[in-house]
1. State which residue pairs qualify: first residue closer than 15 Å to residue 16 by Cα and inside the range 105-119, second residue within 9 Å of the ligand (Cβ to nearest atom) in any location, beta carbons under 6 Å apart, and separation of 6 or more residues or different chains.
2. Does the range 122-133 hold any residues that are open to solvent by less than 30 Å² (accessible area, probe 1.4 Å) and among the small types (Gly, Ala, Ser), and which are they?
3. Return yes when residue 195 is assigned to a loop (DSSP other than H, G, I, E, B) and under 16 Å from residue 113 (Cβ atoms) and no when it is not.
4. Restricted to the range 138-159, and to residues that are open to solvent by less than 50 Å² (accessible area, probe 1.4 Å) and within 14 Å of the ligand (Cβ to nearest atom), which residue is modelled with the lowest pLDDT?
5. Within the set of pairs 6 or more residues apart or between chains, which connect a residue that is within 21 Å of residue 82 (Cα to Cα) and within 16 Å of the ligand (Cβ to nearest atom) inside the range 42-61 to a residue that is of a type in the set (A, V, I, L, M, F, W, C) and open to solvent by 40 Å² or more (accessible area, probe 1.4 Å) with Cβ atoms less than 9 Å apart?
Amino acid sequence: MPELTASSLMEHHRAASTLLSLLEGNGRFVAGEPRYKRDIVAARDAAPDQTPSAVVFTCIDSRVTAESVFDCDFGQLLVVRTAGHVPDRAAVGSLEFAAAELGVSLVVVLGHERCGAINAALNAVEADTHDPRSGYLVEQLWQPASQAIEESAEGEDAAPKALRLQVRRTVADLSRREHLDGVLVVGAVYDLDTGQVTLVDED
Ligand SMILES: [Zn+2]
């Protein structure tokens, strides 16, 4: 447990209220009542400067568009993407840059249902083989995929469990990073059908 100081409390307060406003944005998205048009007029208005308050670290999946999902305007959100939100060096470096240079206090790790990267890892574990086309990813996702299969009943779809394990793993990895000290890292899952974002508990 890190030492609580007035400034760390303020940081967490800021991160928590940022998280709440992202979830409110998701509520508008789900309700079909977005606040931001994100057209050229909005782009030009936002062009002089940026003051993003959060980073969404999500999958490369074309169906997951963070700015829409959280109903954010230009300049409000940084987005880092790797397949299966695997925290490789460039991704972690981008998050560290966001914290150090742009003062971001919140990272949301956003997984999604029916993730192709997670499914590739599950298939590889089932077949006990590494597909050379997705070698690095399968290697990185092997642990949550095999744990999910182990913990699933016969005939049960292991994908939702593997996804949540990978979200928690990514959150745990980022939370240990020295250069992200003081940054609140939370996990969440995006439902492709309803548009709903649900927070994932730590354990
Ligand atoms: Zn995915």
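The values are calculated or read from the model by the stated rules, or taken from the named source; none is laboratory data. Note that the coordinates shown come from a computational prediction; the quantities given were computed from them, not determined experimentally. Virtual Cβ from ideal backbone geometry, glycine too; neighbours counted across all protein chains shown. SASA here: full protein model, heavy atoms, side chains in, ligands and nucleic acids out. Shrake-Rupley method; radii C 1.70, N 1.55, O 1.52, S 1.80 Å.
1. Pairs found: 109/85.
2. Passing the criteria: only 124.
3. So residue 195 fits the description; yes.
4. If we take residues in the range 138-159 being open to solvent by less than 50 Å² (accessible area, probe 1.4 Å) and within 14 Å of the ligand (Cβ to nearest atom), then 138 is modelled with the lowest pLDDT.
5. Correct list of pairs: 56/79; 57/79; 58/79.
Yes/no per residue for (1) surrounded by fewer than 17 Cβ atoms within 10 Å (Cβ to Cβ); (2) within 12 Å of the ligand (Cβ to nearest atom); (3) among the aliphatic types (A, V, I, L, M):
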site	(1), (2), (3)
79	no, no, yes
83	no, yes, yes
89	yes, no, no
93	yes, no, no
97	yes, no, no
102	yes, no, yes
108	no, no, yes
115	no, yes, no
120	no, yes, yes
